[in-house]
Amino acid sequence: MMQVVRETNIFFVRKLKESARQIVWVISGLMTPLLYILLFSPLLKKITHPAMTTAQVLDMFVPGILVLLAFSSGMGAGWSMVFDLKSGIIERLRVTPASRFAMLMGGVLKDVVAFLIPAIIVLVISSLFGYEIHFVGILLQLILLSVLTMMVSAWSGSLGLIFQDVGGVAAVVTSLQLPLTLLSGILLPMSFGPKWLQVLAHVNPLYYGVEASKKLAEGSIVNQSVFVGFIVIVVITIITLIWSTRVYNKAIA
């Protein structure tokens, strides 16, 4: 067990150093949620009558943006894996006796860090404009969304190993990303939509993450949406990690 932890740390540090050298992507990852808050959230002020204040808009909008950030932070793993394949890194790793699960988790944990840093910056900046911070709720929210990032990262990285081609990964990821995002209530509450759209949202795992994230942001810890959100996200993440480990074992044999 300790051997796997040490190996995971080695791959995690390697991935972190690799990301630090690509500072443009780090800045891009931070700018996306900030642009949503700056350019999109003001449009929501007048969707109610009387119009909402900036603080009320942020209370409604920021939890969804954090879910979007968690989701997108793991999406790039597939592209990174294809790069590692093309550059011969994966070929060199075939001879190492290191655990394939450690290789998987090294990249996954790097993506969790890539989510947490901009998420905390978004929370700090939003709080300056009136977004209400409930510390226990925010802590649980970040834990839940970190698990979501782990699931997406493991899934995307495995797709990179399966397709071994940027085009193949992009086709699957982009074809799923849009409907999952639109049916989750990230940008606007699903309660604004017709009944059939609300029913359809319930087959989307991301929807349960968004609902739990909103309740936790309100400081509502003991809540059915929070319980269901953790169950759905954690169970799917465990299944994804088991599947991804098998993919890594087979592809890097």
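Among Pro179, Gly88, Leu197, whose Cα lies farthest out toward the positive end of the dipole of the chain, if unit charges sit on the beta carbon of Lys, Arg (+1) and Asp, Glu (-1)?
Of the options given, the answer is Gly88.
Calculate the spin-label point distance for Ser28 paired with Lys46, positioning each point 7 Å from the Cα along the beta-carbon direction, and give it in nanometres.
Distance between the two pseudo-spin positions: 3.5 nm.
Direction-averaged shadow area of the convex hull around the Cα atoms of the stretch 1-137, nm²?
Result: 10.3 nm².
Rg(Cα) of the stretch 91-158 divided by 2.2 N^0.38 Å?
Its radius of gyration relative to the 2.2 N^0.38 Å reference: 1.47.
Whole-Hz Karplus ³J(HN,Hα) for the stretch 63-74, in order, using 6.51 cos²θ - 1.76 cosθ + 1.60 and θ = phi - 60°, x for Gly and Pro?
Result, rounded to whole Hz: x, x, 5, 5, 5, 4, 5, 5, 5, 6, 5, x.
Using only the heavy atoms of the protein chains and a 1.4 Å probe, how would Trp155, Trp79 rank by accessible area, largest first?
The most accessible residue leads, giving Trp79, Trp155.
Only residues of the stretch 99-116 count here: report those whose backbone N is under 11 Å from the spot 7 Å along Cα→Cβ of Gln3, or say none.
It comes to 99, nothing else.
With θ set to phi - 60° and the Karplus curve 6.51 cos²θ - 1.76 cosθ + 1.60, what are the ³J(HN,Hα) couplings of the stretch 225-237 in order, to the nearest whole Hz, using x for Gly and Pro?
5, 5, 4, 5, x, 5, 4, 4, 5, 5, 5, 5, 5
Just to be sure I understand the curve: with the Debye formula and one point per C-alpha of the stretch 151-242, what is log10 I(q)/I(0) at q = 0.12, 0.20, 0.22 Å⁻¹?
So the normalised log intensities are -0.45, -1.02, -1.12.
By the scheme Lys and Arg +1, Asp and Glu -1, what is the net charge of all other residues having a beta-carbon under 13 Å from that of Val226?
Once all neighbours under 13 Å are counted, the net charge is 0.
Tally Lys and Arg at +1 and Asp and Glu at -1 over the other residues with C-beta under 13 Å from the C-beta of Ala20: what net charge comes out? The partial results should precede the final answer.
Working: positive: Arg14, Lys15, Lys17, Arg21, Lys110; negative: Glu18.
Spelling it out: positives minus negatives among the neighbours equals +4.
If each of Arg14 and Phe227 carries a label point 7 Å out from its Cα toward its Cβ, how far apart are those two points in nm?
4.4
Project the alpha carbons of the chain onto their principal axes and report the range along each, largest first, in whole Å.
In descending order, the Cα extents are 65, 37, 35 Å.
Rg and Dmax of the stretch 7-88 over Cα atoms: what are they, in angstrom?
17.9, 59
Of Leu34, Leu178, Leu69, which has the most accessible area with a 1.4 Å probe, and how do the rest follow in descending order?
Per-residue accessible area, sorted high to low, gives Leu178, Leu34, Leu69.
The values are calculated or read from the model by the stated rules, or taken from the named source; none is laboratory data. This structure is a prediction, so every number in the text was calculated from the model and none was measured. Quick reminder, even Gly has a Cβ in these numbers, built from the backbone with ideal geometry, and neighbours come from all protein chains shown. Surface areas here come from the heavy atoms of the whole protein model, side chains and all, with no ligands, DNA or RNA. Shrake-Rupley method; radii C 1.70, N 1.55, O 1.52, S 1.80 Å.
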